[in-house]
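Nothing in this text is a laboratory measurement; each read-out follows from the coordinates by a stated rule. Not measured: the values here are computed from a predicted model. In this analysis, Cβ positions are derived from the backbone assuming ideal geometry, glycine residues included, and neighbour counts consider all displayed protein chains.
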């Protein structure tokens, strides 16, 4: 596969080039190693394109996972306790997990609520999500997951890999695409979400 377009949010790509040039090159090489046409195996059952062969998102995800694993990228779970009190939250997020529950109890919370988020691939404080899912999943990645890992000090930059519209048109309906998601970020303003990101638009 090829990277057709790139969008750098809050100098995400510049950070990678300066601080993680070799890792960034490794990511690009992994993407280029995916032979997308091998995964055009899904037979469409949709009324608008019955019988048409489409790119299989599950198979593509498995291939990306296999290739990233060969370079020691691992999934990661970030665990934390939640609060709806903004003042408490500011202190809470600076604490290690084992101290968060104790802190909430000290603040009068009777039953602290535990939660976690998990991301696909993490290495050297960089998180990658390869997303061939519905639109809502991408918004969740960009505005919740990457941001949470960033504010929690787990990562310094997040990377989202998305199909270009030209590829998405050869997949099932409802799958997010690069142009649309970059447009959504631009509409939110230059500083939102407040986390350095690189969005990569890929084609077969």
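Footprinting exposure proxy ranking of 141, 37, fewest other C-beta atoms within 10 angstrom first, gives 37, 141. Relative to the longest principal axis of the Cα atoms of the chain, the long axis of helix 21-33 lies at roughly 40 degrees.
Fully extending the segment from residue 169 to residue 118 would add 15.5 nm, taking 0.36 nm per residue of separation and subtracting the current Cα-Cα distance. Between residue 79 and residue 144, the modelled labels are 2.0 nm apart [label points 7 Å from Cα along Cα→Cβ]. Taking the number of Cβ atoms within 10 Å of each Cβ as an exposure proxy, the fewest-first ranking of 17, 202, 128 is 17, 202, 128. Highest-first packing order for the peptide set 177-190, 113-126, 87-100, 157-170 is 157-170, 113-126, 177-190, 87-100, based on the mean count of other beta carbon atoms within 10 Å. As a proxy for reagent exposure, 84, 70 were ordered by neighbouring Cβ count within 10 angstrom, fewest first; the result is 84, 70. For the range 157-185 and the range 1-28, write down the distance between their C-alpha centroids in whole Å. Distance between centres, Cα-based: 17 Å. Using a simple spin-label model with pseudo-atoms 7 Å out from Cα toward Cβ, residue 33 and residue 107 lie 4.4 nm apart.
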